[in-house]
Amino acid sequence: MSQTAPHEVSLTTKNTASLTMGIAAIVVGIMALLFGWVPFLGLFAIPVAVLGLVLAGIGLLLAVMRKFKGAGLPLLGGVLSIAGVGVPLLSTGGASVAISETAEEVSTQMDTARERIAQERAQREEQEQQERQQREQERAQAEQAKKDRQASYIADQLDLYDVEASYMNAILDGEVPGVLFKLKNKGDQTLERVKITVYFKDESGGIIAEEDFHPVNVSSYSSRNNDPLKPGYVWQMEKGRFYTAKSVPSEWKEGSIEAKITEVRFAEEKSDGTAQ
């Protein structure tokens, strides 16, 4: 009985170096991919991926030296490493674009909001200005209407008569320019204030001085002239008294004057001149 000699199996390690480099490149490429998808932080994986490319390149070089035996794993490692470089760039670039677009949109919205606020403020200020102008116009119209009413009442309903101006003897001051007159209310309004302005003239008839007198002046701060001038009433100075005009210069021609009613206040008006 014959025996068959056993077969001998021989192992070769000629492509072990390229396989090792390929496996290392694959591992490094996978690590770079695992971290590379994270925007910005993934940029730190690029050096790792570059290392994988170096390892893959070395593996391919060794495989070329051995007639491309064992080149598969280095090629795979190289592809993964290239992806490990591209993925961080794409993720970070995409995130940057998204952030930039978002920031631009937010900036646009803020600009729009600022413009809207500015327009609303301008409209509000314009409206307030118009309201102020309207109030001022209404006040001016009311003031003019009051003046017109007073002027009409002075012209039609008040009589200033028996006007006399001469040097008169005052107890304390001696001989001074003095004025006397009477005032009659022919209208239907009670007056709480009447101002008489007397203009003093010289020889040529020119006005050289003026004095204001208040025969009627109802006020809580005054004890004199505190009675209103009612419709139909006549006001006159108390007997033996007169208005003095001490500031009239000596150039005044005695008796040469012009007296006018220059202001009235109706009893229905407040002390500030507005109607109740």
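Of the residues screened, L229 is not one that is touching a residue at least 24 places away in the same chain (Cβ under 8 Å), surrounded by 17 or more Cβ atoms within 10 Å (Cβ to Cβ) and under 51 Å from the mean Cα position of the chain (by Cα). Of the residues making up the stretch 158-173, none is out of contact with any strand residue (DSSP E or B) (no Cβ under 7 Å at 6 or more places or on another chain), over 21 Å from K239 (Cα atoms) and surrounded by 10 or more Cβ atoms within 10 Å (Cβ to Cβ).
Does F200 meet the test of being touching a Lys or Arg at 6+ places or on another chain (Cβ under 9 Å), of a type outside the set (S, T, N, Q) and farther than 20 Å from Y153 by Cβ? It is true that F200 is touching a Lys or Arg at 6+ places or on another chain (Cβ under 9 Å), of a type outside the set (S, T, N, Q) and farther than 20 Å from Y153 by Cβ.
A quick yes/no check of all residues on (1) surrounded by fewer than 18 Cβ atoms within 10 Å (Cβ to Cβ); (2) basic (K, R); (3) over 60 Å from the mean Cα position of the chain (by Cα); (4) not assigned by TED's automatic domain parsing to the domain that holds L90:
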| position | (1), (2), (3), (4) |
| --- | --- |
| G22 | no, no, yes, no |
| A25 | no, no, yes, no |
| W37 | yes, no, no, no |
| A45 | no, no, no, no |
| G52 | no, no, yes, no |
| L62 | no, no, yes, no |
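Within the stretch 68-77, does at least one residue satisfy the condition of being small (G, A, S), modelled with pLDDT of 80 or more, part of a helix (DSSP H, G or I) and more than 51 Å from the chain's Cα centre (by Cα)? Scanning the stretch 68-77 turns up at least one residue that is small (G, A, S), modelled with pLDDT of 80 or more, part of a helix (DSSP H, G or I) and more than 51 Å from the chain's Cα centre (by Cα). Of everything in the stretch 174-215 that is over 58 Å from the mean Cα position of the chain (by Cα) and assigned to a loop (DSSP other than H, G, I, E, B), the residue that is surrounded by the most Cβ atoms within 10 Å (Cβ to Cβ) is D202. Does any residue of the stretch 2-19 turn out to be at pLDDT 80 or above and crowded, with 18+ Cβ neighbours inside 10 Å? Yes - at least one qualifying residue is present in the stretch 2-19.
The values are calculated or read from the model by the stated rules, or taken from the named source; none is laboratory data. Remember, predicted model here, so these are calculated numbers, not experimental data. Cβ atoms come from the backbone with ideal geometry, glycine included; neighbour counts cover every protein chain shown.
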